[in-house]
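First the structure, in the form of structure tokens, and then the observations on it.
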Amino acid sequence: MRTVSTDVLVIGSGAGGATIACRLAEAGRSVTVVEEGPWVDPDAHEPFSLGEMAAQFRHRGGAAALGTPPIAYAEGRCVGGSTEVNSGLWHRLPPTLTEDWRTLYRIDEFTPEALDRYAEGVEADVGVATVPGAPPRSSGLIEEGAAKVGWRSTEFPRAFRYDERGRGTKQTMARTLLPRAVAAGAEILPDTRVQRLVGSAPRVTGARARQTRPDGTVEDLLIRAEEVFVCGGAIQTPTLLQRSGVRRRIGRGLKLHPTIKVAARFPFTVDHGDVPMHRITDFSPHLTIGGSASRRGHVAMALAESGEPVAEAMEDWESISVYYAAIRSEGSGLVLALPGLTAPLVTYRLTPGDMSRLTRGLLHLGELLLAAGATELYPSVVGGGVAREPADLARWWDAVTPATANLMTIHMTSSVRMGEDRTRTGTDSFGRVHGFTNLHVADASLLPDAPGVNPQAGIMAIAARNAAHFLSR
């Protein structure tokens, strides 16, 4: 077994882990970043392609939170984490929510003003911008439909930089903060899975890991560290902590953005190379309406989830785009590490109110898309039927049930939670695990609840805040 020594061990290289690694390395700390997945060149695969899913997603993109209904989810598994494979949409945490969280969970130094200061720094580091010129057709359709039904729509910025010709490059962690961390002396170990942390309260001493070399051989590692940051996301972080004997308030309270979709067919060709940037904001943050990836495979899957015959529609797939309605859920879930198994058990319970809000969101989405010119709408509801005019949407009210709805999510949060109320949280206000002096968490699991927006901006702002607090100690 090879031994590696470092001041700071960062487990996971996504939005939270990359931010921590960069801030601490540039402050002069010796930092080692361990990533279970491979280091994949950001330009190696077409965005949202099958090749990308196979190379950079955990389980090739297929996982589900068990429940009625089950909720499919996906996690990035590569250097840079989910920032390498998501849409890059950028939204700061809603200030009304952060105020509620600060009070309910007793989170210190968590005012909207404080978070905005860190958000500004992260945005300057990464690069956030709107699309120069006119939006893609699939995104503009949301804007057009909203104008016709009298709703507000907003074009969200993204973690992108654009050149003088308007060509955009997504600012993933593998393109931005991780190279900075390496330039400051950090070491990144890809293809290295941490099996468990070493030590017990009040102090861990490092981690045991297994690294797969490029030639396929495997080497066991003992990584000794003065400080450990677990940044594996809302599913993998509680799993590792539980495997290591850290269980108090860990893995409970998982929150998702349950999402229901519609494949919309238009009497013209729509673009399929990107994700629409426009969102309906009238119902935010409790209900969000927007657009999804719509490559040929995504269209086929969305059509199949309707339970309708889709052969004829697939012949015209280039005229079909996929859109969604997502809610903030009253329900919650559980992440549980099981002895002898690598993957955890993930469950999620939707409330009747959640199902009602999803149904209402689906009808609002249908209304929007018909107003935008769609000729056929295929909901991800078996038995919902194809809607071709507003009167057809009424059938969806009774069609959406736990047995018929096909739901998914890409945002998972809240499985550890931060704050000074130890009856509700797994860490203190700055991510240090209760009962430990040198074990920290810095990822989506810290967010006390699902924010109703893409959480990446919030994750990075909180990680930058927590890094500053750590360094000030």
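E219 passes all but one of (1) without any contact (Cβ under 8 Å) to a residue 12 or more places away in the chain; (2) among the acidic types (D, E); (3) part of a strand (DSSP E or B); which number fails?
Only one criterion in (1) without any contact (Cβ under 8 Å) to a residue 12 or more places away in the chain; (2) among the acidic types (D, E); (3) part of a strand (DSSP E or B) is unmet by E219, namely (1).
Would you point out which residue out of R247, R224, R279 is under 30 Å from A201 (Cβ atoms) and touching a helix residue (DSSP H, G or I) at 6+ places or on another chain (Cβ under 9 Å)? Break it down into steps so the answer makes sense when it comes.
Numbers: R224 fails: touching a helix residue (DSSP H, G or I) at 6+ places or on another chain (Cβ under 9 Å); R279 fails: under 30 Å from A201 (Cβ atoms).
Testing whether each residue is under 30 Å from A201 (Cβ atoms) and touching a helix residue (DSSP H, G or I) at 6+ places or on another chain (Cβ under 9 Å) leaves just R247.
On the given criteria, is L115 within 19 Å of A468 (Cα to Cα) and at pLDDT 95 or above?
Criteria met by L115.
Of all strands (runs of 3 or more DSSP E) completely enclosed by region 356-473, which ones contain at least 1 residues that are under 28 Å from S139 (Cβ atoms) and modelled with pLDDT of 95 or more?
The strands (runs of 3 or more DSSP E) meeting that bar are 376-379, 407-409.
Check whether at least one residue in region 274-288 is farther than 20 Å from L365 by Cβ and either touching a Cys at 6+ places or on another chain (Cβ under 9 Å) or of a type in the set (A, V, I, L, M) (or both), and report yes or no.
Checking region 274-288: not a single residue is farther than 20 Å from L365 by Cβ and either touching a Cys at 6+ places or on another chain (Cβ under 9 Å) or of a type in the set (A, V, I, L, M) (or both).
Would you mind listing the strands (runs of 3 or more DSSP E) fully within region 232-338 where at least 1 residues are out of contact with any Leu (no Cβ under 8 Å at 6 or more places or on another chain)?
On the way: elements: 252-256, 259-265, 278-280, 287-291, 320-327, 332-336.
Because the criterion is at least 1 residues that are out of contact with any Leu (no Cβ under 8 Å at 6 or more places or on another chain), the strands (runs of 3 or more DSSP E) in region 232-338 that meet it are 252-256, 259-265, 278-280, 287-291, 320-327.
Go through (1) at pLDDT below 90; (2) touching a Phe, Trp or Tyr at 6+ places or on another chain (Cβ under 8 Å) and name the single condition I107 misses.
Result: I107 fails condition (1) only.
Determine, yes or no, whether R388 is crowded, with 20+ Cβ neighbours inside 10 Å, of a type in the set (D, E, K, R) and not assigned by TED's automatic domain parsing to the domain that holds A461.
The answer is no for R388.
Within the bounds of region 23-43, is there any residue that is farther than 29 Å from T259 by Cα, over 15 Å from the mean Cα position of the chain (by Cα), charged (D, E, K, R) and in a strand (DSSP E or B)?
Scanning region 23-43 turns up no residue that is farther than 29 Å from T259 by Cα, over 15 Å from the mean Cα position of the chain (by Cα), charged (D, E, K, R) and in a strand (DSSP E or B).
It is to be established whether one or more residues within region 121-130 are free of Cβ contacts under 8 Å to residues at least 40 places away in the same chain, more than 30 Å from G51 (Cα to Cα), in a helix (DSSP H, G or I) and over 20 Å from the mean Cα position of the chain (by Cα).
Yes, region 121-130 contains a residue that is free of Cβ contacts under 8 Å to residues at least 40 places away in the same chain, more than 30 Å from G51 (Cα to Cα), in a helix (DSSP H, G or I) and over 20 Å from the mean Cα position of the chain (by Cα).
Looking at P309 and the list (1) modelled with pLDDT under 95; (2) under 24 Å from I459 (Cα atoms), which single condition is not satisfied?
(2)
Here is a list: T68, T96, T103. Which entry is touching a Pro at 6+ places or on another chain (Cβ under 9 Å) and in a helix (DSSP H, G or I)?
Unique residue meeting the criteria: T96.
The values are calculated or read from the model by the stated rules, or taken from the named source; none is laboratory data. Note that the coordinates shown come from a computational prediction; the quantities given were computed from them, not determined experimentally. So basically every Cβ, Gly included, is an ideal-geometry build from the backbone, and we count neighbours across all protein chains shown.
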